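The values are calculated or read from the model by the stated rules, or taken from the named source; none is laboratory data. All of these numbers come straight from a predicted model, not from anything done at the bench. Here Cβ is always computed from backbone atoms with ideal geometry, including for glycine, and neighbour counts include all displayed protein chains.
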Amino acid sequence: MILGIDTSLGTAVAVIDDDGAVRADAASADALGHAEIIGTLLATAMTDAAHGPIGATGAPEAVALTHVAVGMGPGPFTGLRVGIAAARAFALGRGIPVVPVRSHDAAALAVLLADPFADVPRFAVVTDARRKEFAFTVYDGIDDDGLPMRVTEATLVKRDDIDAALAEHSAERRDTTVIPGAMVALVAARAVAAGRVEDLGEPLYLRAPDVTMPGPRKKVGQ
Amino acid sequence: MTREPLVLGIETSCDETGIGIVRGRTLLSNTIASSMDEHARYGGVVPEVAARAHLEALQPAIEAALAEAQVTLADIDAVAVTSGPGLAGALMVGVGAAKALAVSLGRPLYAVNHLVGHIAADILTGDEVEYPTVALLVSGGHTSLLLVRDLVSDVELLGETMDDAAGEAFDKIARILGLPYPGGPEIDRAASTGDPNAIRFPRGMSRASDMAEHRYDFSFSGLKTAVARWVEQHEATGQPVSVPDVAASFREAVVDVLVTKALDACARHGVPRLLLGGGVIANKRLRDVALERAEAAGVAVRIPPLSLCTDNGAMIAALASELIMSGRPASTLAFGADSTLPVTTIQVATSS
Ligand SMILES: [Zn+2]
């Protein structure tokens, strides 16, 4: 079983079975309040997961997690860090590894799996990056390991320029306001199975910290 | 729960990632990873830089603390975390980690007040600690004067800074004098050969007119302006500026106000005990003046070792440990980072 956590947009927590069945899915769409809600969502997800796949009515059993998957962004930093800190601490508590996942990969997998018979054209996952910017990543189909095929890295663009940027890549625009926790876990499951876990040590910050270097001393005058 | 709970505390309110482990009142580990060096080139703590550093430092710090304490996470009885006050984005990293760790381990979580944590640090010295006590907490993030009647139930705010924290004032004056960050040790070094009475800088919030409403409050912005103006005027008229004299006179003004107000609080409340805490306690002149004047006033001064005075996770674990031993229920999981958490709130989100 894999616990999936993402706080790059709202707060999403899910648990999936080894066969990919969703055991728990707890989420808040609030773009703020990640630190407030993360503990409650984790506790809820663990309780739900103990009862088997969603819809099952079995007696509770131990939730034998093997990995904690976490969305590494891109997304507004302050909230994004809450999920990553939580994932690392949760995994440490269980003595299991963290699998870092690109949050846009999870959103892309959701698009690609929505209708298994559809021929999904090249598309871009587009998310709010605040400060009048979007973050986008272009995808084209799914590979043999069941992972979305990335055409570009995650990129920041002025909101007014998004359509021109996507036209350059001949990519359809898929605005995304939710990163499903189950898809974060599923990307991780497939990456683990294929031996393709990415070594993302840092969040995908995309921006340098906002700092002003100290200038010359200001005069106070008389 | 055992009578002596094993508690892991997480502190991320400013630029130190602190992980502490205590058993009852016994300190097992006080592990600190500081991002101070990263802030040095900016001349002060940059919140985003601090938050990034916390995220990177947390897991290694927890692992190092467990190793030092020679315990495993399975042994931990409770997790403690700073909810506030402090830098919001920095606090959130610790809150997220602490909640997840508590849920992962199936252990209770105690979310506590950073300032009260500074007072709790004293318990880890192993000495018998007596209350009530006046506490003076001075750092780069806060300057607070508190009356502690009971650590887990009755902490009163007597006064606090109206503008800069004392530690910030040291950083700003260091910049004016062309000294590097952090300013505290630099000012100290420069002041060691200076005359503390060379220049009479103002003592903020100390006029008779301030006494009615701000008897125990502090203000350092006027002092900062006075020092800057003095330096400018001397430079403009070509008079020599003695950095040691300015540093010593500035430091004396800060120390004088801090100690005078703290001992005034002791006298007015009939409390013959003063606890010092916060990173600025590293300042030897502050310690010396406090000890000397307190002795004359018949006040006993307690100064925990510096590693427990600066921000740390052990004090957070110590406070939670006291809460547990006095029978307090855990916090719920429904709380956040509270950058302006009042000191009267010792524990947040207490379950009923
Ligand atoms: Zn502090």
Exercise. Hey, can you tell me all the residues within region B:1-26 that are more than 15 Å from the ligand (Cβ to nearest atom) and buried (at least 24 other Cβ atoms within 10 Å of the Cβ)?
Key: B:7, B:8, B:19, B:21, B:22
Exercise. Write out, first by first residue and then by second, each pair whose Cβ atoms fall under 9 Å of each other, whose residues are 6+ apart or on separate chains, and whose first residue, in region B:307-336, is within 20 Å of residue B:92 (Cβ to Cβ) and within 14 Å of chain A (Cβ to nearest Cβ) while the second is in a loop (DSSP other than H, G, I, E, B) and within 16 Å of the ligand (Cβ to nearest atom).
Key: B:313/B:12
Self-check item: Exclusive hit being away from chain A (no Cβ under 11 Å) and within 16 Å of the ligand (Cβ to nearest atom), set B:90, B:80
Solution: B:80
Quiz prompt | Qualifying residue in region B:330-343 (condition: farther than 22 Å from residue B:97 by Cα and in a helix (DSSP H, G or I)) | solution = no
Practice problem: Scan A:80, A:9 and give me the residue that is of a type outside the set (Lys, Arg), crowded, with 24+ Cβ neighbours inside 10 Å, more than 18 Å from residue B:107 (Cα to Cα) and more than 14 Å from chain B (Cβ to nearest Cβ). | Solution: A:9
Quiz item: Do you know which of the residues in region B:101-121 that are in contact with a strand residue (DSSP E or B) (Cβ under 8 Å, 6 or more places away or on another chain) and within 14 Å of chain A (Cβ to nearest Cβ) is nearest to the ligand (Cβ to nearest atom)?
Solution: B:111
Exercise. From the list A:73, A:52, pick out the single residue that is in contact (Cβ under 8 Å) with a residue 24 or more places away in the chain, on the phi > 0 side of the Ramachandran plot, touching a helix residue (DSSP H, G or I) at 6+ places or on another chain (Cβ under 6 Å) and more than 10 Å from every other protein chain (Cβ to nearest Cβ).
Key: A:73
Quiz prompt | Verdict on residue A:42 being at pLDDT 95 or above, assigned to a loop (DSSP other than H, G, I, E, B) and at negative phi | solution = no
Self-check item: All positions within region B:294-320 that are buried (at least 18 other Cβ atoms within 10 Å of the Cβ) and away from the ligand (no atom under 16 Å from the Cβ)
Solution: B:294, B:299, B:301, B:320
Exercise. Would you mention how many residues in region B:262-294 are closer than 15 Å to residue B:159 by Cβ and not in a strand (DSSP E or B)?
Key: 10
Exercise. Mind telling me which of the residues A:124, A:118, A:106 ends up being within 13 Å of the chain's Cα centre (by Cα), within 19 Å of residue A:149 (Cα to Cα) and away from chain B (no Cβ under 13 Å)?
Key: A:106
Practice problem: For residue B:71, state whether it is over 20 Å from residue B:339 (Cβ atoms), among the hydrophobic types (A, V, I, L, M, F, W, C) and either free of Cβ contacts under 8 Å to residues at least 60 places away in the same chain or assigned to a strand (DSSP E or B) (or both). | Solution: no
Self-check item: Residues satisfying the stated conditions in region B:68-120, i.e. hydroxyl-bearing (Ser, Thr, Tyr) and crowded, with 24+ Cβ neighbours inside 10 Å
Solution: B:82, B:83, B:104, B:110
